[in-house]
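What follows is one structure encoded as structure tokens, with my remarks underneath.
The values are calculated or read from the model by the stated rules, or taken from the named source; none is laboratory data. On a predicted model such as this, the values are computed, not experimentally measured, just so you know. We place every Cβ from the backbone using ideal geometry, glycine too, and count neighbours over all the protein chains shown.
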Amino acid sequence: MELKKRVNKNLSLGIVQIGQDNVSDIFIREKKKVADKIGVGFNFYKFERNTPFSDLKKKITGLSDDGVVIQLPPLKALTVKGF
């Protein structure tokens, strides 16, 4: 049964990738497959590795998805307090 039928809401999952990582690409594809299977919207947001932290924070906190995953490995700047 699709999740959106059970909760009576169109849910969406946002995946954020910063920079390029081939292993992360595999995990992102798998997350999309699962989202499709359970009927959840899937939005992929890719940022360049050199995107300033302040820009990343502003863009990520402004996403309107029901859930947001920052795909590992994150930038070192994202592991500090303040996000």
What are the residue pairs meeting all of these: first residue in the stretch 34-63, first residue under 14 Å from Gln17 (Cα atoms) and of a type in the set (Phe, Trp, Tyr), second residue at pLDDT below 90 and not in a strand (DSSP E or B), Cβ atoms under 7 Å, and 6 or more apart or on different chains? Phe47/Leu56; Phe53/Ala77
Inside the stretch 8-62, the number of residues satisfying the requirement of being over 20 Å from Pro73 (Cβ atoms) and within 15 Å of the chain's Cα centre (by Cα) is 13
Flagged pairs (Cβ under 9 angstrom, 6 or more apart or on separate chains; first in the stretch 10-31, touching a residue at least 40 places away in the same chain (Cβ under 8 Å); second of a type in the set (D, E, K, R) and in a helix (DSSP H, G or I)) are Leu11/Lys4; Leu13/Lys31; Leu13/Lys32; Ile15/Lys31; Ile15/Lys32; Val16/Lys59; Gln17/Asp25
